[in-house]
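Colleague: Starting off with a structure, shown below.
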Amino acid sequence: MSLDPVKVMKGQDPMALSSPLASNGDSKASWEESEGFCDGLGPKKPKSPKPENAVTIAVSSRVLFRTEKEQKVFEEKGVEEYIKYQMEHENEPFAPGPAFPFVKALETVNARLRELYPDSEELFDIVLVTYNHAHVGVRLINTINHHNLFIERFCMTGGSSPIGYLKAWHTNLYLSADAEKVQEALAQGIAAATMFMPEKQIEVSETQLRVAFDGDAVLFSDESERIFKAHGLDKFFEHERENENTLLDHGPLKGFLEALGKLQKKFYAKGHRLDCPIRTYLVTARSAASSGIRALKTLRAWGLEIDEALFLAGAPKGPMLEKIRPHIYFDDQMFHVEGAVEMGTIAAHVPYGIAQKYPHKKGTNFAK
Amino acid sequence: MDPDVQESAETQQSGSALVTAVSCHDIFDLSACQTDSSPLAKGAAFSFINAVQAVNQRLVKHNANEMLRFEVILLGKDCEEQIKSKIFDSAKHYGLKIGKFYFCSRGEFVRTLQANNAKLFLSTDRDDVYGALKAGVPAALLCQQADQQVQEQLKVLFSGDLIGLSEDVIDGLKDFGFSAVQIQNFKAAKGCIQEFAALIGEMRKRFGCKDSPLQTILITVLGSRDVCATALKTLRGWGLDVDEAFCLAGAPRNPILTTIQPHILWDDGLHNMKGVLPLMDMSS
């Protein structure tokens, strides 16, 4: 019996160590020879990319699947009963949750990317990151199998904070049902949002990933939002006019838009601009004629293309989003997220910036 | 020459105890040994003992007659006389509850482990662990803690794709160029850790989900999610329901390990082998 544990804590490269179970006197050369066997087997599934090369999306189990029943058991009867319940229902798959269509759309994009660039690791990689106990693991894996999702990686942290693991996975976006965890992630510089399940679900595209963003405090910083909250609409207009040629500072989701843009360019490079399977939208309360100009100039200066910019000048976002049917819409204001969800849009709250301290008052309508 | 045995007042009934042998070199820093009466400096894995003692304390709190406890024995290889007594005194000084101290020559330490029915041998020295395993003693790496103070909870990590591969699948590896000896090694590796997993699993059940002084973790490194699911079920069958599970599917292991900061790391080493990757879609 020969096992050779790996001295990983010192950061040594495990691949540099010899293969212990091969120690029947053979040299390392025998391993190279046996590499040919993999041809016979053939890949059943495509290999997952290295985290640093991929656009990594971490989703929690509560947004990927519907777990309300289980959540209720947890809240009413405590963790032990919750785990017992999960294990009893281990072979019952969960129903899809709010992040499900988004994840499916990511896989569609991956399939197209693999067709065009078979050797590239610039793909979406989805990791299930949950602070569930591993006892729920078998049920989660059964569910993933049932829905035929391509998720091979997961972290079940058994109650400890998942934030450290997000960094280890080079996470580009974290989606969770827990606002606290999302805020922790944002504080660590990781794009994150809380997702909500729409009561009615409008159909979303199965061939094109659509991602919609609010502008202020999502793509951009909340600096202009602050002026508006502190000094009102007129001051806001004045400020934007005066600073039209000054770039806005970046917001928490700018990096994610950038990552999407990089993948879009890969499609354009192969002549797929018109039928690109990724489409991005800016849905902002700013006005096209005035305050919107600064937003556009900023995006241009960042080298980011957004496919459609919708300046609503204060009009409600719901109807516009209903037309777009994004797989996910990011907004920093719960008022807008709730409005979108009421109309069947899959919306996610980015708890960032001044709006968290001074939420939007219902019934008011501001043209920005 | 028979090994030198020193028993302290802390000797427990061995019976169903989880006899864990640890190398002296890991608990104390033997390099900077002063001739005066000051105790030895703490070694790289000193915090491990604290964590183990915390587990024992909690076990006894639940049940004063608890038989399933960690019984730590210290092994010292090729120690000079003056070091031996320093070790004994230092253990006393730090209030370490260590049952037995064995001082033997390098060549005998495996025999010593076997004679004492050690359920697990721990060392930060890879070669030591390798030597024990070769002789059939369950052994694992004792990890150096980055932050000596913080880790109160004892973390036991099984890095084992092998656990997720069924006997048939392991047998089937011969079709891919692995020799009979290597296949035998795989099976033996899986077999040797089973008893320890069962004991740790039993011990873990003494505590609730929250606020446990003991945390058990599974990582599969190369295998697909189904390999991980099989590993979870296998461990469950052995009597261990792990708290945390990670499926890396080929992602680098170091960043995850650095976040987990385990004390005990049992590693089947399978992921070090080239050419194994495509096999990892197999599950029972």
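Colleague: Of all helices (runs of 4 or more DSSP H) completely enclosed by segment A:104-221, which ones contain at least 3 residues that are within 30 Å of A:LYS297 (Cα to Cα)?
Modeller: Counting at least 3 such residues, we get A:179-187.
Colleague: Now a separate question. Name the residue, out of A:THR143, A:THR108, that is more than 14 Å from chain B (Cβ to nearest Cβ) and either at pLDDT 95 or above or touching a Ser or Thr at 6+ places or on another chain (Cβ under 9 Å) (or both).
Modeller: Numbers: A:THR143 fails: more than 14 Å from chain B (Cβ to nearest Cβ).
None of the others qualify; the one that does is A:THR108.
Colleague: Can you tell me which of A:TYR352, A:TYR358 is surrounded by 18 or more Cβ atoms within 10 Å (Cβ to Cβ) and in a loop (DSSP other than H, G, I, E, B)?
Modeller: A:TYR352
Colleague: Looking only at segment A:130-142, which residues are within 16 Å of B:LEU218 (Cβ to Cβ) and not hydroxyl-bearing (Ser, Thr, Tyr)?
Modeller: Scanning segment A:130-142 gives A:ASN132, A:HIS133, A:ALA134, A:HIS135, A:VAL136, A:GLY137, A:VAL138, A:ARG139, A:LEU140, A:ILE141.
Table: residues versus (1) farther than 19 Å from A:ALA111 by Cβ; (2) within 14 Å of the chain's Cα centre (by Cα).
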{"residue": "A:MET195", "(1), (2)": "yes, yes"}
{"residue": "A:ARG241", "(1), (2)": "yes, no"}
{"residue": "A:THR246", "(1), (2)": "yes, no"}
{"residue": "A:PRO252", "(1), (2)": "yes, yes"}
{"residue": "A:LYS266", "(1), (2)": "no, no"}
{"residue": "A:ALA269", "(1), (2)": "no, no"}
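Rundown of residues vs (1) free of Cβ contacts under 8 Å to residues at least 60 places away in the same chain; (2) within 14 Å of another protein chain (Cβ to nearest Cβ); (3) not basic (Lys, Arg), yes/no style:
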{"position": "B:LYS77", "(1), (2), (3)": "yes, no, no"}
{"position": "B:LYS86", "(1), (2), (3)": "yes, no, no"}
{"position": "B:TYR94", "(1), (2), (3)": "yes, no, yes"}
{"position": "B:SER105", "(1), (2), (3)": "no, no, yes"}
{"position": "B:ASN116", "(1), (2), (3)": "no, no, yes"}
{"position": "B:ASP128", "(1), (2), (3)": "no, yes, yes"}
{"position": "B:ALA140", "(1), (2), (3)": "no, yes, yes"}
{"position": "B:CYS143", "(1), (2), (3)": "no, yes, yes"}
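Colleague: Among (1) part of a helix (DSSP H, G or I); (2) closer than 30 Å to B:ARG206 by Cα; (3) in contact (Cβ under 8 Å) with a residue 40 or more places away in the chain, which single condition is B:VAL60 missing?
Modeller: It fails just one condition, (3).
Colleague: Which residue is surrounded by the fewest Cβ atoms within 10 Å (Cβ to Cβ), if the candidates are limited to segment A:66-90 and must be within 20 Å of B:ASP241 (Cα to Cα) and away from every other protein chain (no Cβ under 12 Å)?
Modeller: A:GLU88
Colleague: Inside segment B:91-107, can you point out the residues that are assigned to a helix (DSSP H, G or I), surrounded by fewer than 20 Cβ atoms within 10 Å (Cβ to Cβ) and modelled with pLDDT of 85 or more? So that I can check it myself, show each step before the final result.
Modeller: Step one: list which residues in segment B:91-107 are assigned to a helix (DSSP H, G or I), which gives B:91-93, B:106-107.
Checking which are surrounded by fewer than 20 Cβ atoms within 10 Å (Cβ to Cβ) leaves us with B:92-93, B:106-107.
B:LYS92, B:HIS93 - these are the residues of segment B:91-107 that are assigned to a helix (DSSP H, G or I), surrounded by fewer than 20 Cβ atoms within 10 Å (Cβ to Cβ) and modelled with pLDDT of 85 or more.
For every residue, the table says whether it meets (1) away from every other protein chain (no Cβ under 11 Å); (2) closer than 22 Å to A:LEU140 by Cα.
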residue: B:ALA188; (1), (2): no, no
residue: B:ARG206; (1), (2): yes, no
residue: B:SER212; (1), (2): no, no
residue: B:GLN215; (1), (2): no, yes
residue: B:GLY223; (1), (2): no, yes
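Colleague: When you check A:GLY159 against the structure, is it touching a Lys or Arg at 6+ places or on another chain (Cβ under 8 Å), farther than 30 Å from A:GLY344 by Cα and touching a residue at least 12 places away in the same chain (Cβ under 8 Å), yes or no?
Modeller: Working: touching a Lys or Arg at 6+ places or on another chain (Cβ under 8 Å): yes; farther than 30 Å from A:GLY344 by Cα: yes; touching a residue at least 12 places away in the same chain (Cβ under 8 Å): yes.
Against the criterion (touching a Lys or Arg at 6+ places or on another chain (Cβ under 8 Å), farther than 30 Å from A:GLY344 by Cα and touching a residue at least 12 places away in the same chain (Cβ under 8 Å)), A:GLY159 qualifies.
Colleague: Where residues in segment B:259-269 are outside any strand (DSSP E or B) and within 7 Å of another protein chain (Cβ to nearest Cβ), which of them is farthest from B:ASP125 (Cα to Cα)? First the steps, then the outcome.
Modeller: Of the residues in segment B:259-269, the ones outside any strand (DSSP E or B) are B:259-263, B:268-269.
If we keep only those that are within 7 Å of another protein chain (Cβ to nearest Cβ) too, we end up with B:259, B:268-269.
On the way: B:THR259: 22, B:ASP268: 16, B:GLY269: 15 Å.
Going through the qualifying residues, I end up with B:THR259.
Colleague: Among the residues of segment B:175-199, write down those that are at pLDDT below 80 and either of a type in the set (Gly, Ala, Ser) or within 18 Å of B:ILE217 (Cα to Cα) (or both).
Modeller: B:GLY177, B:ALA188, B:ALA189
Colleague: Now, a different point. Going through segment A:315-342 one residue at a time, which ones are more than 21 Å from the chain's Cα centre (by Cα), in a loop (DSSP other than H, G, I, E, B) and either basic (Lys, Arg) or buried (at least 18 other Cβ atoms within 10 Å of the Cβ) (or both)?
Modeller: A:LYS317 - this is the single residue of segment A:315-342 that is more than 21 Å from the chain's Cα centre (by Cα), in a loop (DSSP other than H, G, I, E, B) and either basic (Lys, Arg) or buried (at least 18 other Cβ atoms within 10 Å of the Cβ) (or both).
The values are calculated or read from the model by the stated rules, or taken from the named source; none is laboratory data. Note that the structure is a prediction, hence the values are computed from the model and not measured. Here the Cβ is made from the backbone with ideal geometry for all residues, glycine too, and neighbour counts use every protein chain on show.
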